[in-house]
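The values are calculated or read from the model by the stated rules, or taken from the named source; none is laboratory data. This is a predicted model, so every value here is computed, not measured. Reconstructed Cβ throughout: ideal geometry from the backbone, glycine too, with neighbour counts over all protein chains shown. Side chains included, ligands, DNA and RNA excluded: accessible areas come from the protein's heavy atoms. Shrake-Rupley method; radii C 1.70, N 1.55, O 1.52, S 1.80 Å.
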Amino acid sequence: MSVDEQLTHLKKGLAELIREEDLRERLVAAERQGRPLRVKAGFDPTAPDLHLGHTVLLRKMKHFQDLGHTVIFLVGDTTAMIGDPTGRNVTRPPLTREQIKGNTATYLKQVHKILDREKTLVRYNSEWLDPLGFQEVVRLASRYTVARILERDEFAKRYKEGTPISIHELLYPLAQAYDSVMLKCDVELGGTDQKFNLLVGREIQKDYGQPPQIVATVPILRGLDGVNKMSKSLNNYIGITEPPEIMFRKVMQISDELMWEYWELLTDRSTAEIEQAKSAVEAGEQHPMDLKMKLAQAIVSSFHWSPGDADAVRASEEFTRVVRLGGEPSNMRTAEFPDGVRVANGVRVDKLLAKIGLAESVSDAARKIKAGAVEINGNRVSDLVLPVANGALIVHAGQRWARVVVPREA
């Protein structure tokens, strides 16, 4: 690609680029010198699993990697012990080394679904942060002022409200900036919520006599609710290790409006192709459901590779059969008929759902029944007691299914 073509490719899906002219100059110099750019993104292993929200950043790393640049996946095993204050209105609880080590192992298995294992440079910031003595930490801290640190939104708000700010939190942006110094970064990538930290990196690099890194931020992916940031705690996420059928069905839950955001941030479709598809939908020439099916298949294919995209095709067929045509899942599990659910005139449905794992509790099951979200043998359940004879029950609650064989009464 020419430099202009590289810039177009790299800018797709970015929220902000600081500064585009600097990146252009750096790309020209890299081409002239035969030196790939050093592109870093840091990940603190604070949880074991990744979801699609994390992959927006990983995909942008892949774009640099595909253009021949050196991509550095930085594991923040020491900064994770500080706790990134980004988006926090309270001090983040520290993790132990054991927790961080366990989370890191699962991270690396998952990121290589996107990044080329052979071409990705994996580094740990404990390599240079742990050996720093107190004198060096003080020297690093002297390069930035408290006033500038407190400009950060989270700190400014907490300070104004009188919410405690621990001294170690003030060191986090400096530690992340020092990572860029030690890795001699040309580019650092992060979410829009990381902008402050990335800009500190530019300033600290200049103090160490290095050219300031280019900062490229990616948008925060909205979750299935279309409102909040994708998060496991909000249960609006799509995990990258989830089975194809579940991943496909979750993508199909998003709104037609949110679909365009997912096309842009989670696929390699060009901006022009996405705009063309959007125009076709607005003109009534294409149904949004068909495009969403293609999106779901593309996302599943990204994380479940199989010859001929067999897993993605199978997930699409399963969705059509179960959701669009009202059929039963082909991989429905069979659950044993549990004790304690029989009553004189039948079966307590709320207890049945809880005991076979289709509800979190008896009260959760009762709420599902009241909301009309429970079907047994194709009929919606409205009563807590179901008259049953011997045979099989096909139980459907929300998105979960189970087959239960009712034994003969003794």
- Which one of Ser382, Ser363, Ser316 is crowded, with 18+ Cβ neighbours inside 10 Å and modelled with pLDDT of 85 or more? Ser316
- Is at least one residue of the stretch 337-351 within 30 Å of Gly372 (Cα to Cα), part of a helix (DSSP H, G or I) and free of Cβ contacts under 8 Å to residues at least 12 places away in the same chain? no
- Given the conditions (1) loosely packed, with under 12 Cβ neighbours inside 10 Å; (2) in a helix (DSSP H, G or I), every one holds for Gly372 apart from (2)
- Message: Just to verify a result, which residue in the stretch 327-360, among those that are β-branched (Val, Ile, Thr) and either modelled with pLDDT under 85 or open to solvent by less than 70 Å² (accessible area, probe 1.4 Å) (or both), is farthest from Ala397 (Cα to Cα)?
- Response: Val343
- Quick one: how many residues across the stretch 251-272 are open to solvent by 70 Å² or more (accessible area, probe 1.4 Å), within 24 Å of Leu58 (Cβ to Cβ) and within 24 Å of the chain's Cα centre (by Cα)? 5
- Query: Taking only pairs six or more apart or across chains, which ones have beta-carbon atoms under 8 Å, a first residue in the stretch 1-16 that is without any contact (Cβ under 8 Å) to a residue 40 or more places away in the chain, and a second residue that is of a type in the set (D, E, K, R) and open to solvent by less than 80 Å² (accessible area, probe 1.4 Å)?
  - Reply: Leu7/Glu20; Lys11/Glu20
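Yes/no per residue for (1) of a type in the set (Lys, Arg); (2) under 30 Å from His287 (Cβ atoms); (3) modelled with pLDDT of 90 or more; (4) assigned to a loop (DSSP other than H, G, I, E, B):
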site: Leu199; (1), (2), (3), (4): no, no, yes, no
site: Gln205; (1), (2), (3), (4): no, no, yes, no
site: Gly209; (1), (2), (3), (4): no, no, yes, yes
site: Pro212; (1), (2), (3), (4): no, no, yes, yes
site: Ile220; (1), (2), (3), (4): no, yes, yes, yes
site: Lys232; (1), (2), (3), (4): yes, no, no, yes
site: Asn235; (1), (2), (3), (4): no, yes, no, yes
site: Glu242; (1), (2), (3), (4): no, yes, no, yes
site: Met247; (1), (2), (3), (4): no, yes, yes, no
- Residue count, the stretch 300-313, condition part of a helix (DSSP H, G or I) and either modelled with pLDDT of 85 or more or open to solvent by less than 20 Å² (accessible area, probe 1.4 Å) (or both), comes to 8
- Note on the structure: Counting only residues in the stretch 170-186 that are outside any helix (DSSP H, G or I) and open to solvent by 40 Å² or more (accessible area, probe 1.4 Å), the one farthest from Thr70 (Cα to Cα) is identified as Leu171
- Message: Could you check the stretch 23-53 and list, in sequence order, the residues that are in a strand (DSSP E or B) and open to solvent by 50 Å² or more (accessible area, probe 1.4 Å)?
- Response: Arg38
- Message: Pairs needed: first member in the stretch 111-138, over 16 Å from Val181 (Cβ atoms); second member anywhere, part of a loop (DSSP other than H, G, I, E, B); C-beta distance under 8 Å; at least 6 residues apart or different chains.
- Response: Val111/Leu50; Lys113/Ile240; Thr120/His112
- Note on the structure: In the set Ala354, Ala359, Ala366, the lone residue that is in a loop (DSSP other than H, G, I, E, B) and touching a helix residue (DSSP H, G or I) at 6+ places or on another chain (Cβ under 6 Å) is Ala359
- Tell me, yes or no, whether the stretch 276-283 has at least one residue that is within 19 Å of Arg249 (Cβ to Cβ), assigned to a helix (DSSP H, G or I) and open to solvent by less than 40 Å² (accessible area, probe 1.4 Å). no
